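Student: Quick one: structure below, then a few questions.
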Amino acid sequence: MTVADVRTCSLSLLFSLATALLALGPAFDGQAQTTSPPGRDPRIGALIETLGKTKTPSSAAISPDGTTVAWAVRAREGSQIHLTDVSNPDPAKEKIIGTGSSATSCGSSEPKWSPNGEWLAFVSDCITDADKPGQDQVFVWSKKTGGSKKLTQLVGGIDSLAWSPDGKAIGFLFVENATRSAGALAAMKPWAGVIGEDGV
């Protein structure tokens, strides 16, 4: 799945939501008006509940042999990395890659296959012994053993994982002690204070 595919899915979801909301407005029948307070439609609650169960793909990587897709899925409780067989994309047979910790309300993302397809690198803040909650670390999952291993113990922003061509090293962008993602489009607190002072 490419970034364009994710955007197309997101636009399709937004279009469906907009269509549903527009349909809810004028589509009051006599029964709905008598059983619900004025201006309230019980279908709105059902729609919101359904949207709460929505899972959104955030990144994807196809294995070098083209048989498996690793993709990060965002949900209300966090994000997970799923492995899906390209020839048989049955959700019941998907494998979920974890860090081996019992941490909850955390997330894993940015899956990247090694050149030989034997390893999958990813970032995750699912760590029970973390000194700083919410701090991402780099992990690798082994196709052979099915287990994950933590490679880093850093404090700061980690982004843009990439394998070396020989598969012996992983490079990534790291900003020490960063409190937000690097980049002009990343969320940040608004500037305030005196121009020329720290943080402005």
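No lab work stands behind these numbers, since they all come straight from the coordinates. Owing to the predicted nature of the structure, the values given are computational and were not obtained by experimental measurement. Cβ coordinates were reconstructed from backbone atoms using ideal geometry, including for glycine residues, and neighbour counts include every protein chain displayed.
Student: Of the peptides 103-115, 73-85, 40-52, how do they stack up when ordered by the mean number of other Cβ atoms within 10 Å, highest first?
Tutor: Listed from highest to lowest mean packing, they are 103-115, 73-85, 40-52.
Student: Let me ask another. When a/c reaches 1.5 or more, the comparison of a/b and b/c decides; with that in mind, is the range 56-176 rounded, prolate or oblate per its Cα gyration tensor? List each step's numbers first, then the result.
Tutor: Numbers: a/c = 1.81, a/b = 1.22, b/c = 1.48.
The shape class here is oblate.
Student: Got the relative contact order for the range 56-176 handy, in percent, Cα pairs under 8 Å and 6 or more residues apart?
Tutor: Numbers: 279 pairs, mean separation 21.3, N = 121.
Relative contact order for the range 56-176 comes out at 18 percent.
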